[in-house]
Amino acid sequence: MKRSQVCRDPGQSSYFKGPSNLLLPVNMPTLDAPEERRRKFKYRGKDVSLRRQQRMAVSLELRKAKKDEQTLKRRNITSFCPDTPSEKTAKGVAVSLTLGEIIKGVNSSDPVLCFQATQTARKMLSQEKNPPLKLVIEAGLIPRMVEFLKSSLYPCLQFEAAWALTNIASGTSEQTRAVVEGGAIQPLIELLSSSNVAVCEQAVWALGDGPEFRDNVITSNAIPHLLALISPTLPITFLRNITWTLSNLCRNKNPYPCDTAVKQILPALLHLLQHQDSEVLSDACWALSYLTDGSNKRIGQVVNTGVLPRLVVLMTSSELNVLTPSLRTVGNIVTGTDEQTQMAIDAGMLNVLPQLLQHNKPSIQKEAAWALSNVAAGPCHHIQQLLAYDVLPPLVALLKNGEFKVQKEAVWMVANFATGATMDQLIQLVHSGVLEPLVNLLTAPDVKIVLIILDVISCILQAAEKRSEKENLCLLIEELGGIDRIEALQLHENRQIGQSALNIIEKHFGEVSDLGAWRSIQGSWWGSSAEGHPAGAWAVACGR
Amino acid sequence: MELSDANLQTLTEYLKKTLDPDPAIRRPAEKFLESVEGNQNYPLLLLTLLEKSQDNVIKVCASVTFKNYIKRNWRIVEDEPNKICEADRVAIKANIVHLMLSSPEQIQKQLSDAISIIGREDFPQKWPDLLTEMVNRFQSGDFHVINGVLRTAHSLFKRYRHEFKSNELWTEIKLVLDAFALPLTNLFKATIELCSTHANDASALRILFSSLILISKLFYSLNFQDLPEFFEDNMETWMNNFHTLLTLDNKLLQTDDEEEAGLLELLKSQICDNAALYAQKYDEEFQRYLPRFVTAIWNLLVTTGQEVKYDLLVSNAIQFLASVCERPHYKNLFEDQNTLTSICEKVIVPNMEFRAADEEAFEDNSEEYIRRDLEGSDIDTRRRAACDLVRGLCKFFEGPVTGIFSGYVNSMLQEYAKNPSVNWKHKDAAIYLVTSLASKAQTQKHGITQANELVNLTEFFVNHILPDLKSANVNEFPVLKADGIKYIMIFRNQVPKEHLLVSIPLLINHLQAESIVVHTYAAHALERLFTMRGPNNATLFTAAEIAPFVEILLTNLFKALTLPGSSENEYIMKAIMRSFSLLQEAIIPYIPTLITQLTQKLLAVSKNPSKPHFNHYMFEAICLSIRITCKANPAAVVNFEEALFLVFTEILQNDVQEFIPYVFQVMSLLLETHKNDIPSSYMALFPHLLQPVLWERTGNIPALPGLLGVFQKLIASKANDHQGFYLLNSIIEHMPPESVDQYRKQIFILLFQRLQNSKTTKFIKSFLVFINLYCIKYGALALQEIFDGIQPKMFGMVLEKIIIPEIQKVSGNVEKKICAVGITKLLTECPPMMDTEYTKLWTPLLQSLIGLFELPEDDTIPDEEHFIDIEDTPGYQTAFSQLAFAGKKEHDPVGQMVNNPKIHLAQSLHKLSTACPGRVPSMVSTSLNAEALQYLQGYLQAASVTLL
């Protein structure tokens, strides 16, 4: 029924807070440049602000658009109210006009002919397959239909015209433009005040179909009119249409909808969020997800309305169309400041997320892991919260058996965790059994993930070194088959991976450690290995 | 340079000369070409020649020269001039694709390489029509041309497999997908159709299959970063065809070659990779195709032979199954008992068989065999893949799989028992199967650390491993012997100690086996067993338990070194070292023989040291014998010196660089053992190190053949200077002063030269320790005299420029103590400090000494040295040459002489002040800073003395 045209995939757009210290190039697409890495290296562990940066959108997609996103445009192909006045009038009249006849009819001065022609056009545009959008536009029908919108004496005609225009606008961007440039917006907004419910509802729908021309709609002052329609007695389908249209007015960044619009819409969204209907909830959540998909200031606008507890409740919904956008919104919020993240934690998000990691839909597991990865990118008391809510066991399970796209998010989560963790937290991470799946993923066909895992392993080894537990950790990694894999990666065609693997092998698994504790002998007395070796010590204890 | 016939002619002449075997002709021609390559039209002349020359050799030569020219010059480096003029660039890009495609294969390859080099720089922005030009050629129907395009595309796109995601990269991929994906898909379909219409034409098929391989590779590259929309929409087409190709066979494509993979194998292998990529990354979309691929790949495995040419295909195919079977939602594809049995029977067992190629390696290339089998460099082998599949299946089906394999193991062992000499390979497979089934995790240090509890390892050991090792003939069934020994080695932590103890004499016996693998494994197993730890962290086996076998163990170990192929076998030498260490005093009776054998070995390998590990263990063994023997009988040190110094002299004389650090350490160990007088043998060595005649040739260090050169080299090297100081310090501490007298001055000159040429923090630290030790041993006056003897007022300069400002950098307790005592001597026992121009340095020196006591160590390193450090990081040889057994507890040459350096300072100052009353308090009170003064007063109080 619906045509889905979706613009973004959650895995790619504006996501991670930069897990800065691990040198994970996450902030901008150019991060792989050597200068950038060096800069990050220099600030390793020092520059707190880097940890909080958001990953800029790689707006490019190779993938097919996602199916579980919200509908961007909808064409009205159902006769949703069979007893509309127009249908009655048309009853018994066999409408089968050619395009030529339609053109003629539309351009006639007889309202009846106009109606018949418009209705026929509308029916053509509503057929399920290959509606002749292009033909109708090229026939120059739009300007006349826009005029019909204004013929308040004939609500049936207004209705048919609005419907036809809705379906044209649901086409390509160019087709939508034709409707906008035909001057449809203003008369449609006026129809929002029509006393005829069907006409009014169709106008709402039509206005929602032009997300590319969102700002034209907003500056034409549509929002107050839309909000005025919301009332407890409104039929549910109508309320759904309004919510959907409002969500489209919140949609898209570059640029974002203006501040005034956001301020106008937010209270209405909060109100709608209390509704019981899942479609209304879904679109209201989608609207919030668009509004939170941006700077900390925008996130702040939403968070400060106190919406978080309700969102967390909605995250427990059994309806996928509610769960997905509410989870997305909370996920967006935790890309914000530490304080904003803290508010999400206080609202109870961590009660819900571990369950969502075990959801049967991989797309939900993925979003949940993503949200957690951004909590892990915060200060260590946030990491402590993750441990308190026992996030690690389901996460490790996903690392082991999740779909690859889920595993990827989980790896990011571990990377962020490892970067910001205290020594004790790091130890808990290792004890959670995270190394086994990480080592297995070293052969994954994804260079970035491989590099991140190498960085995590290196980070953990360094920590172990400080606590003189390196030997045990090295043995564990060897048992897991890690040495073989890291050794093989030394020959990887990606230079960074090769170098990173080489560094780990040299520093932690090199034969040097095999053959006695070689240490820097700068200026030491005998310059020999004398010190530190109890007589008869087994320097050659673990030779290969 | 014009595009003229004359120039073409000249270029032809020079190209011809570059092929001349005589360097006198070749080199100038190469130089000439390099000198003219900056001229406009040069590359175009080359392109003209490779297209139009009458001489085929010149064509090829021109194409190679052209490719190298592009490689060197095409990239535009920032801040460097553009090396190819714009007009030439445009002309090259306009012509090269056409030229490549119309050239014979030899030239096509060169031009294809050149295109990818250019493409790496210019594609897509600066070469927008490249793709269209390539795609248009798909229409040509000429597969020679099409393969040229595909090859070029592959070299342009393969980087998508290993580069990080970025906007730039994805923009390029998107562009490529838009232009290339559909034509590639059409070409794929058309090629497959042609394969069936030409099913009986071998030469056509070969070309078509080369295309299919390239197309499959391109598929992999284009799908690597993410699943492109186009390929998702066309998955049906691609996967159905891939599936068909996997199951396809055509006699005409089968090759006779046993080693080299044929086109069919290469194609199927790539398809396995493609399927594995989708299965792992795009599981959701690929799910509905996966079961079919599992079946196809499994059938493929069942029908593929044992020849080496199938290895890559088989290991890729098995790895595919291994990665799928451990995913929970595909569990159901495998869980049927019949399926499991069939996988075990038809896929795993056959691929664990010991093949002719393995047998060959076992006998003729044992080093490689050992590395693969013991050290795990077997990643791409069939056996490894089969093991991985066993491990993968055990994730969900450990019980059933163990059950199935137990049956197999038993039947294979029965086969073996029927006729061992014919069926020994069955037993090999049985042992391998048990090993792979039982081992869940493994490390070099401990062997297997987690075992499958369903396998009774001890029972198998007793019933099937021990009997083989007990057989009288150590040379019978060498592969089985090696298997048995390896079993002991890796399951050493699972098999109870009493069984291990039983196997020790058997292992010792197998040191005599002729097979390199067998005696190497025996040595390695003994070494591993001897390192095992029991309760209380003591060795699991005590010297007493091994005592009954000492003689035979040592004899066999050294005999094994004389077996063909094992003269520098590091496993054996390591076992020798380990045995010494475990047995301790028990080896003393055999020392005379042992040390003779070790010195002979040392002499032999010093001619051409090639096995660093072997050498290291050998020196460790030497150190151990010295330590063990001299601990019981210090006088025995003389015997070692007698035995070793001849070889050492030779090593020093021949400047065997790899060994010199070892020699110094052994000498130090020996010197340390001497309590009193130094034997004449050192005197004999010493002049070698300090021959005066060599001092004069300081400028020519690397060519200096003598011993001093070595010492000089050490001092001159930023990485190795500590070795030089180490030698000097030994000499100063242990030699009677008279013996060193005549060389002293030269030593200091050498040190100053280094100080002048390259002063590093590390050198300064060592230098400070050295001169203070010198001061302690020979007196403060002697130090002042030697400096001033080199050059007047030198002593003052050293004080002012080095000691006072740098002393803070000295690190290490012993080092600091030496410096403290030395400086105290300078302050209180050196008359020129009191009444010459040096007097003005007295207080600053005292102040810096108090600083050494009280201030934190100065560990700053000048900026420029950070990178010097990296440059001069000790290389392999030095890094490995630290002998653990030469080591000793912290050695303090000042020792009991001074207990507390602060008190010692106070007492010495007091003594000085009694000698010249009034001087000391006035020097102290006038220019020492307040804080230092306070500390000093503290020392005086603690020592209960006052300054007069």
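With θ taken as phi - 60° and the Karplus curve 6.51 cos²θ - 1.76 cosθ + 1.60 applied, the whole-hertz 3J(HN,Hα) list for the range A:228-237 is 5, 6, 5, 8, x, 8, 4, x, 4, 4 Hz, x standing for glycine and proline. In this structure the amide hydrogen of B:Thr539, modeled in the peptide plane, comes within under 5 Å of the amide hydrogens of B:Gly534, none closer than 5 places in sequence on its chain. Amide H contacts for B:Ala451 (H built 1.01 Å from N in the peptide plane; partners 5 or more residues away or on another chain; cut-off under 5 Å): B:Lys440.
Put a dot 7 Å past the Cα of B:Glu229, heading toward its Cβ, do the same for B:Ala543, and the two dots end up 7.9 nm apart.
Taking a threshold of 24 Å on the Cα-Cα distance, which of the pairs B:Lys440/B:Lys497; A:Lys405/A:Lys507; B:Lys71/B:Lys109; B:Lys251/B:Lys425; A:Lys470/B:Lys440; B:Lys189/B:Lys331 fall above it?
On the way: B:Lys440/B:Lys497 21 Å; A:Lys405/A:Lys507 31 Å; B:Lys71/B:Lys109 14 Å; B:Lys251/B:Lys425 31 Å; A:Lys470/B:Lys440 22 Å; B:Lys189/B:Lys331 33 Å.
In this structure, A:Lys405/A:Lys507; B:Lys251/B:Lys425; B:Lys189/B:Lys331 exceed 24 Å between Cα atoms.
In the range A:155-227, what percent of the accessible surface is made up of carbon and sulfur (1.4 Å probe, ligands and nucleic acids excluded)? Present the calculation step by step, with values, prior to reporting the outcome.
Numbers: 1140 of 2130 Å².
Carbon-and-sulfur percentage of accessible area, whole number: 53.
Taking θ as phi - 60° and the Karplus parameters 6.51, -1.76 and 1.60, the scalar couplings of the range B:565-571 work out to x, 10, 5, 10, 7, 5, 5 Hz in sequence order, x denoting glycine and proline. When only alpha carbons of the protein assembly as shown are considered, Rg and Dmax amount to 41.2, 137 Å. For the range B:414-545, a/c is not less than 1.5, where a ≥ b ≥ c are the root eigenvalues of the C-alpha gyration tensor, and a/b does not top b/c. That puts it in the oblate class. Most tightly packed first, judged by the mean number of other beta-carbon atoms within 10 Å of their residues, the peptides B:309-321, B:771-783 read B:309-321, B:771-783.
Grab the Cα-Cα distance for B:Thr926 and B:Ile790, subtract it from 0.36 nm times how many residues apart they are, and report the gain in nm with one decimal.
Details: separation 136, 0.36 × 136 = 48.96 nm, distance 3.29 nm.
Computed gain between B:Thr926 and B:Ile790 is 45.7 nm.
Of the two radii for chain B, the radius of gyration is 1.07 times the Kirkwood radius, both from the alpha carbons; that is the Rg over Rh value. Note on surface exposure: B:Val308, B:Val422, B:Val434 rank B:Val422, B:Val308, B:Val434 by accessible area, highest first, 1.4 Å probe. Between 0 and 90 degrees, the angle of helix B:56-73 with respect to the longest Cα principal axis of chain B falls at about 50 degrees. What the phi angles of the range B:277-294 give under the Karplus curve with 6.51, -1.76 and 1.60, with θ = phi - 60°, is a coupling list of 4, 5, 4, 7, 8, 10, 3, 4, 6, 8, 2, 6, 8, 4, x, 4, 5, 4 Hz, glycine and proline written as x. Spin-label model, B:Lys31/B:Lys331: points 7 Å from Cα along the beta carbon direction are separated by 7.5 nm.
Look at where the Cα atoms of the range B:250-279 and of the range B:421-453 average out, and the two centres are 30 Å apart.
On average, how many beta carbons from a partner chain sit within 10 Å of the beta carbon of a residue in A:444-454? Working shown, then result.
Numbers: counts 2, 11, 7, 7, 4, 0, 1, 1, 0, 0, 0.
Rounded to a whole number, the mean comes out at 3.
Given their separation in residues at 0.36 nm each and the Cα-Cα distance between them, A:Arg63 and A:His271 gain 71.3 nm when the chain is fully extended.
If R0 is 22 Å, the Cβ-Cβ spacing of B:His98 and B:Val77 corresponds to a FRET efficiency of close to 0.15. For the listed peptides B:638-644, A:379-385, B:622-628, a ranking on the average number of other beta carbons within 10 Å per residue, highest first, reads B:622-628, B:638-644, A:379-385.
Peptide B:159-165 has a mean shielding of 6, counted as Cβ atoms of other protein chains within 10 Å of each residue's Cβ.
Between the alpha-carbon centres of the range B:521-565 and the range B:27-55 there is a gap of 67 Å.
Rounded to the nearest 100 Å², what is the buried accessible area between A and B, both sides summed, probe 1.4 Å? Spell out each step's value before the answer.
On the way: alone 25000 and 42530 Å², together 60790 Å².
About 6700 Å² of accessible surface is lost on pairing.
The distance separating the Cα centre of the range A:370-397 from that of the range A:196-214 comes to 43 Å.
Sorted by packing (mean other beta-carbon atoms within 10 Å per residue), highest first, where do A:329-340, B:356-367, A:181-192 land?
Details: A:329-340: 23.9, B:356-367: 15.1, A:181-192: 20.4.
Most protected by this proxy first, the peptides run A:329-340, A:181-192, B:356-367.
Among the residues of B:327-335, the average count of other protein chain beta-carbon atoms within 10 Å of the residue beta-carbon is 1. Here the label points at B:Arg120 and B:Glu51, each 7 Å from Cα along the C-beta direction, are separated by 2.6 nm in the simple model.
The values are calculated or read from the model by the stated rules, or taken from the named source; none is laboratory data. All values derive from a computational prediction rather than experimental measurement. All Cβ positions, glycine included, derive from the backbone under ideal geometry; neighbour counts span all protein chains shown. Note: accessible area is taken over every heavy atom of the protein model, side chains too, but ligands, DNA and RNA are not part of it. Shrake-Rupley method; radii C 1.70, N 1.55, O 1.52, S 1.80 Å.
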